[in-house]
Structures are given as C-alpha cells and as structure tokens.
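Novice: After the structure tokens below, expect a handful of questions from me.
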Amino acid sequence: MAFPKNFLWGGATAANQCEGAWDQDGKGLSTVDVIPFGEDRFKVMAGVMEMLECDDDHTYPAHEAIDFYHHYKEDIALFAEMGFKTYRMSISWTRILPNGDDDAPNEKGVEFYRNVFTELKKYNIEPLVTINHFDTPIALIKKYGGWKDRRMIDAFLKLCKVLFAEYKGLVKYWLTFNEINMLLHLPFMGAGILYKEGENKDQVNYTAANHELIASAKAVKLAHEIDPNNMVGCMLAAGQYYPYSCNPDDVWEAFNKDRDNYFFTDVQARGEYPVWAFKRMEELGASIELSEEDKKVLKEGTVDFISFSYYSSRCTSTDEKVLNQTDSGNAAFKAVKNPYLKASEWGWQIDPLGLRITCNTLYDRYEKPLFIVENGLGANDKIEADGSIHDPYRVDYMAAHLKVLKDVIEKDGIPVLGYTMWGPIDLVSASTGEMKKRYGFIYVDKDNEGKGTLGRSRKDSFFWYKKVIETNGEEL
Ligand code: BGP
C-alpha cells in the first residue's frame, strides 16, 4: 500500500473565501473584506491601489462568500460523508481580535471556531489550521502600515497565544502563513502592504518578509511550549521553475526564480537565512534588520513539516521573444507558456509530474515530512436538468496528481503526511473573486453576481473522492 495507513486525506479552504459574515458578531475589518470583485481587484491585491474601506462602487465577494459561518454543520457533514480525515481551514484574525491587537479576544469569534473544531471532532476529522491566510487586520494597516512594521510581530503573537491556549487539545496541526512567498507577488494580500510614492518596493517587501519570518518562528516556539503535541508547518506557493531551454542563461534564471520562493522556506525550515539571500537583497537595494536575538529566534522556531500548494510548474527564459509568450494563467506568478503542457480554462498549466519534481526538490532541501495542502482544478461546472454535475476533468486532474504522489511516497521514499485538495466545496476564487471558478466536490448555488440559493449539492467527483479515501488511494 503506497499511502501510509494514517495518511491525512482531506480538503482545504480559507476563512475569507468561504465564511462570509464579514461584519457579524463583532468581527473587525480585514484586507480580504476590502478586496473588490472586478478590474480593480488585482491593483488592490498588489498594493498599488488603496482601498482600506468598502465603497458603493464595488462589490466584495468575501462579505457573504458561501456563508460557511452559518452552514458549517451541513458542510462538515458532507466532508465527513466523503470520509475526510482532515480539514484545512483558516482563522479570520479579526474575528478573534477585531482590531488585530486587542487585549481581550472577541468571545463570539473564539466560540465560532470552537464550535467548528468540536463539530470536526465529532466525525474524527483532524483540523489543520492556517493561522494567517491572506488576512491582515485593517486597523493594523492604519496603525502600522501592515507587515512592514516590526510591531506586527507582537500583534500576531497575541493572536497565536489566544489560538494555542483556547484550542489546546482540539487542534494539533497548524500552519503559520499561507503561501508566505505570495508577499513578493501580491503584497497587500500577503502582508497588508501599500506602497508610498517613490518607495523601494523590494526594501518594503523584504522588510515585511523578515517580520513574517520572525513572527512565524516565534509562533512555532510558542505552539510547542503551550502544547508539545502541536505540529507546525510552513506553507509555500510551490511549483518548480523550468528553464525554457538548455541555454545556461535560462537554467540560471530558473534556478534563481526558485530561490526567490525557497528563500522563505529556507529560513523557516533551517532557521537561518541562506548565504546568498543578503547578496540578493543588496542587488535589489534592500536590506533587513536582523539582530543576534532575531537570529536566535529563527533558529529556535524551525517548522516540523513543510506544507505547500501545488497547482502547476512554472517556466522561464531569458529570451525576450520567449518571454512574450506568457501563459494566461496565475497572474501572481506570470510564467512562460510551456509548450508541453495543457492548461485549465483559466490558463493554469497542468503538470502532474511537476508535483514529483517539486516534492523531491523540497525534500532534498529540507529532509522534513511534506504535506500537500492545496492542489486542484478550477473549472466552470455545468448543472444538468436533473441537478447532477458531471466533472470528469476534475477527477482526471486530481487522479493524475495523486498517481504521481503515490510515486513520491513509494518510489522516492519521501514521507508525506497528507493531501488536502483545494476547495472541497465551491468558494470564492482568491485571484479573480469569481464563484464560477469552481474547485469543489460540492457545488454551491451562487454565481459571480452573488445570486443563488447557496444550496449545496454533490458533484460526480464527490463520489470519486469518497472512494479514493475509502481505499486509501488504491483506487484512483
Ligand atoms: C492559492 C491560495 C488559495 C486559493 C488557490 C486557488 O494561491 O492559497 O487561497 O484560492 O490558490 O486560486 P484561485 O482561487 O485564484 O483559483
């Protein structure tokens, strides 16, 4: 049997993409609440257009999302029906601390997550909790300017302290920052960063990155102190870069593009900045403050496992002509179109073998257990007259990736803790804010304009995944 007996099968979501109830029960305003739908979305996420409150000219998909806040029992029952062993979800920081650094937590927020975890336990589903999934309190952006300010570390630790203490015994697996490297690509989304006129963006980004990395290390240490059973992981938006050609210039380019991402996990897994990192920052005119105390903190707060999202590999080149042929996919990671790969309806290229390459690179680099916490296919599903939804493309995508994951475990001998596919239930797309970019096994009746009953129904893939879990991955 390839997959170990206790393999954690499940699905992953994020608070802002499914909870809704954005201003209910004392919740404060967060970055994700002010990221609009439509053409301004990307500008806001990238930190080049300021939006620190909602206005009447925009709509905001996170406000209602799929209203998991009021449907969680029904949704968890469906996850349980598929046999989930784990459910990855995130905490909305401002549901717990409405201003981001309040001295006392919002009891209603604490209670909500306790109810969710208790519901999960009822079905023996192990929660896997992302502490921060693209979620910075607006109050802290107004007060400090987001993660470019070192005081964010203490605010984050306040949140962690509440979580580790309140949910001790209920939650064992934690991730500190979702796709921590996203900060370099979508800085408002990743770190609440808004650039000032004339500011060196690299300086701002690396300063914020340093603060998140120190905060992450402190959180790991605190989690272990509060409960030695806690297992804490880092989380990377992964996907190996391929050189477009064997021209050494291309190979070197791809190598360095990978380093820009591994930069984060190198610190989180090894507890120190890699030697080349300071040179890299120097080249960009950036530098960070790193005291002896900071270095100690990083060393003491290395993660227990490496988690990552994998949707696709990426391809790069140094040739101008080739560079113009970008894929139309993930706007956060613009890459060259790889002629050997097919793509999803949203232009995200599909490369199952790339998952094996990525897993091997990560394991060679860190020799820590891996956890694939996001992987899946966004597609525009069609409902038949009888209400059924046939989504063989989703099954094909995931089966191909799981077959490769089997090889990673069986042929490469790499320890893998689990697999939580992205979006077991349709939810708001992070990049586009759409509903129609659906990942789920469970359909949610809601369209891009926000219309629909929010009713849930099972797609064909629901039954497929149930079987996968039942047979522990033997039948794919
Ligand atoms: C990752 C994020 C998720 C999720 C996923 C799919 O970057 O961690 O939040 O949304 O990508 O992306 P999208 O929703 O843009 O299709």
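Novice: Using alpha-carbon pairs under 8 Å, 6+ residues apart, how would you state the relative contact order of the chain in percent?
Specialist: 17 percent
Novice: What whole number of Å gives the distance from the Cα centroid of the stretch 85-151 to the Cα centroid of the stretch 249-298?
Specialist: The distance from the Cα centre of the stretch 249-298 to that of the stretch 85-151 comes to 28 Å.
Novice: Something else about it: Net charge within 13 Å of Thr316 by Cβ-Cβ distance, Lys/Arg positive one each and Asp/Glu negative one each, not counting Thr316 itself? Don't skip to the end; give the middle numbers.
Specialist: Numbers: positive: Lys257, Arg259, Arg314, Lys334, Lys337; negative: Asp249, Asp250, Glu253, Asp258, Asp260, Asp319, Glu320, Asp327.
Result for the local shell: -3.
Novice: Same structure, new question: Calculated FRET efficiency, Asn200 and Glu410, Cβ-Cβ r, R0 60 Å, to nearest 0.05? Please report the intermediate quantities before stating the final value.
Specialist: On the way: r = 48 Å, r/R0 = 0.79.
With a Förster radius of 60 Å, E is 0.80.
Novice: For a quick check of your reading of the filter: which trypsin sites (Lys or Arg not before Pro) in the stretch 430-468 sit in a DSSP loop and have no more than 12 other Cβ atoms within 10 Å?
Specialist: Hits after loop and neighbour filter: Lys451.
Novice: Hey, another quick one. Modelled label-to-label distance, Ala104 and Thr118, 7 Å Cα→beta-carbon offset: nm?
Specialist: Between Ala104 and Thr118, the label points sit 2.1 nm apart.
Novice: Could you work out the per residue convex hull volume over the alpha carbons of the chain, in cubic angstrom? Show your work: numbers first, answer last.
Specialist: Details: hull volume 67.9 nm³, N = 476.
Here the figure is 143 Å³ per residue.
Novice: Cβ under 14 Å from Gly285's Cβ, Gly285 left aside: what net charge do those residues give with Lys, Arg +1 and Asp, Glu -1?
Specialist: -1
Novice: Given the pairs Lys121/Lys295; Lys172/Lys406; Lys218/Lys411; Lys122/Lys342; Lys296/Lys403, which span a C-alpha to C-alpha distance of over 32 angstrom in this model? Walk me through the numbers before you get to the answer.
Specialist: Working: Lys121/Lys295 38 Å; Lys172/Lys406 25 Å; Lys218/Lys411 36 Å; Lys122/Lys342 41 Å; Lys296/Lys403 41 Å.
With Cα atoms farther than 32 Å apart: Lys121/Lys295; Lys218/Lys411; Lys122/Lys342; Lys296/Lys403.
Novice: Another one. Might you report the magnitude of the Cβ-based charge dipole of the stretch 8-470 about its Cα centre, with Lys and Arg at +1 and Asp and Glu at -1, to the nearest 20 debye?
Specialist: Using Cβ point charges on Lys, Arg, Asp and Glu, the stretch 8-470 gives about 1080 debye.
Novice: So if R0 is 22 Å, what FRET efficiency would His58 and Lys142 give, r being the distance between their Cβ atoms, rounded to the nearest 0.05? List each step's numbers first, then the result.
Specialist: Details: r = 19 Å, r/R0 = 0.88.
Once rounded, the FRET efficiency stands at 0.70.
Novice: Under 8 Å for C-alpha pairs, at least 6 residues apart: give me the relative contact order for the stretch 357-446, rounded to a whole percent.
Specialist: Across the stretch 357-446, relative contact order equals 35 percent.
Novice: How large is the Kirkwood hydrodynamic radius of the stretch 293-409, counting all unique pairs of alpha carbons, in Å?
Specialist: Here the Kirkwood hydrodynamic radius works out to 16.7 Å.
Novice: Something else now. For a quick check: sort Thr176, Thr432 by the number of other beta carbons within 10 angstrom, fewest at the front.
Specialist: Thr432, Thr176
Novice: Further, regarding this structure: How large is the convex hull of the C-alpha atoms of the stretch 365-445 per residue, in Å³?
Specialist: Dividing the Cα hull volume of the stretch 365-445 by its residue count gives 102 Å³.
Novice: Using 7 Å Cα-to-Cβ label points, what is the Glu166/Thr471 separation (nm, one decimal)?
Specialist: 4.2 nm
Novice: Pick out, in residue order, every one of the GluC sites (Glu not before Pro) in the stretch 17-96 that is DSSP loop and has at most 15 other C-beta atoms within 10 Å; say none if there are none. Intermediate results must be reported in sequence, preceding the final value.
Specialist: Numbers: sites: Glu19, Glu39, Glu50, Glu53, Glu64, Glu74, Glu81; in loops: Glu19, Glu39, Glu50, Glu53, Glu64.
Within the stretch 17-96, the qualifying GluC sites (Glu not before Pro) (loop, at most 15 other Cβ atoms within 10 Å) are Glu39, Glu50, Glu53.
Novice: Rg/Rh for the stretch 391-435: what does it come to with C-alpha atoms and Rh from Kirkwood?
Specialist: Over the Cα atoms of the stretch 391-435, Rg/Rh equals 1.10.
Novice: What is the sum of charges around Tyr244, taking Lys and Arg as +1, Asp and Glu as -1, for the other residues whose C-beta is under 13 Å from the C-beta of Tyr244?
Specialist: My count for the surroundings of Tyr244 gives -2.
Novice: State the three equivalent ellipsoid semi-axes of the stretch 405-476, derived from the C-alpha gyration tensor as the square roots of 5 times its eigenvalues, in descending order and whole Å.
Specialist: Those come to 31, 15, 7 Å.
Novice: Using 7 Å Cα-to-Cβ label points, what is the Asp460/Lys5 separation (nm, one decimal)?
Specialist: My value for the distance between the label points is 3.5 nm.
Novice: Which helices, counted as full DSSP H runs in the chain, have an axial Cα extent of no less than 15 Å and a Kyte-Doolittle average of -1.0 or above?
Specialist: Span-like helices in the chain: 68-82, 107-122, 152-166, 201-226, 352-366, 392-410, 460-470.
The numbers here are math on the coordinates, done by the rules we state, and not lab data. Predicted model only: the values in this text are computed from it and were never measured. Here Cβ is always computed from backbone atoms with ideal geometry, including for glycine, and neighbour counts include all displayed protein chains.
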